[in-house]
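The values are calculated or read from the model by the stated rules, or taken from the named source; none is laboratory data. Computed from a predicted model, the values in this text were never measured in an experiment. With ideal geometry, Cβ positions are generated from the backbone for all residues, glycine too; neighbour counts draw on all protein chains shown.
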Amino acid sequence: SWSTIHNAAGTSKSVSGLTNGSYEYRVRACNEGGCSGYSNIDTTVVTHPPDGPTVSTPAADNNGAYSVSWSSVSTATEYRLEQRKNGGSWSQIYSGTGLSKAVSGLTNGTYDYRARACNAGGCSGYSATDTTVVTFPPSSAPTLTAPTSADTATNFTVSWTAVSTATAYELQMGFNGAGWTTVYNSSARSVTRSHNFDGSYDYRVRACNAGGCGPFSGVRRVQVVDIGGGGPCHEGVCPEPDAVNPIEEES
């Protein structure tokens, strides 16, 4: 229904505090003799910009491909998503009505995301930023170095080359062709080893980081013999080795 919002001299009226909707206006002129008929109707559509959405993205990724999503806003007709890498400049990577965006082809780095909702009245402020850290596993294997032979009375060193994106190295050992056991997992690139039993000790190593581990190196075999002559092995039967012999030294 119609309501009078101005009844005085003057040819304008300021209105405020209106919510979303379609507002119609008409006016008539009056004096002591009465009022004219109403004017034509003119209409104003009020559309407030929407509230901002909430962005959600995985905290970590190891292949440069994932999905960024955001919450629905009831009065929005469009969403705009922006991305930046390593604190650089923002760039818009999506504009549309959907609630998610698949990203791919990203390289190692820290990616921030923010979004805003828009309609005919304008756009909301930007959402809070959410961040994904992309870390690919190391792509190459270290090169492993170890002596070809040793004896039960002598320590020996197993070492390997650096891999640029590695934060740790996992060294594994196998005894006489049995399964692999991890004997070291840290950031140093060499360890001192010793064994109490004669036999074949195989070693391999791989580089790791927050994204996972890369391929294993080639296997290096250390043939350990007992200097006492015969050692603990008898007629082909050997006791269980010190498969997880403590690392005596790291460098």
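Over 16 Å from the mean Cα position of the chain (by Cα), under 27 Å from G211 (Cβ atoms), surrounded by 13 or more Cβ atoms within 10 Å (Cβ to Cβ) and not β-branched (V, I, T): which single residue out of Y113, Y66, Y94 fits that description?
Among Y113, Y66, Y94, only Y94 is over 16 Å from the mean Cα position of the chain (by Cα), under 27 Å from G211 (Cβ atoms), surrounded by 13 or more Cβ atoms within 10 Å (Cβ to Cβ) and not β-branched (V, I, T).
Among the residues of segment 34-47, is any assigned by TED's automatic domain parsing to the domain that holds Y126 and aromatic (F, W, Y)?
Among the residues of segment 34-47, not one is assigned by TED's automatic domain parsing to the domain that holds Y126 and aromatic (F, W, Y), which makes the answer no.
What about S67, is it under 30 Å from L106 (Cβ atoms), among the polar types (S, T, N, Q) and either in contact with a Leu (Cβ under 8 Å, 6 or more places away or on another chain) or free of Cβ contacts under 8 Å to residues at least 60 places away in the same chain (or both)?
So S67 passes the test.
When you check T167 against the structure, is it at negative phi and either touching a Leu at 6+ places or on another chain (Cβ under 7 Å) or assigned by TED's automatic domain parsing to the domain that holds Q92 (or both), yes or no?
Against the criterion (at negative phi and either touching a Leu at 6+ places or on another chain (Cβ under 7 Å) or assigned by TED's automatic domain parsing to the domain that holds Q92 (or both)), T167 does not qualify.
It is to be established whether one or more residues within segment 151-163 are more than 30 Å from G211 (Cα to Cα) and touching a Gly at 6+ places or on another chain (Cβ under 8 Å).
yes
Just need a number here: residues in segment 39-64 that are in contact (Cβ under 8 Å) with a residue 24 or more places away in the chain and either under 24 Å from P137 (Cα atoms) or not in a loop (DSSP other than H, G, I, E, B) (or both).
12
Kindly indicate whether G174 is closer than 30 Å to G109 by Cα, surrounded by 15 or more Cβ atoms within 10 Å (Cβ to Cβ) and out of contact with any helix residue (DSSP H, G or I) (no Cβ under 9 Å at 6 or more places or on another chain).
For G174, the condition - closer than 30 Å to G109 by Cα, surrounded by 15 or more Cβ atoms within 10 Å (Cβ to Cβ) and out of contact with any helix residue (DSSP H, G or I) (no Cβ under 9 Å at 6 or more places or on another chain) - is not met.
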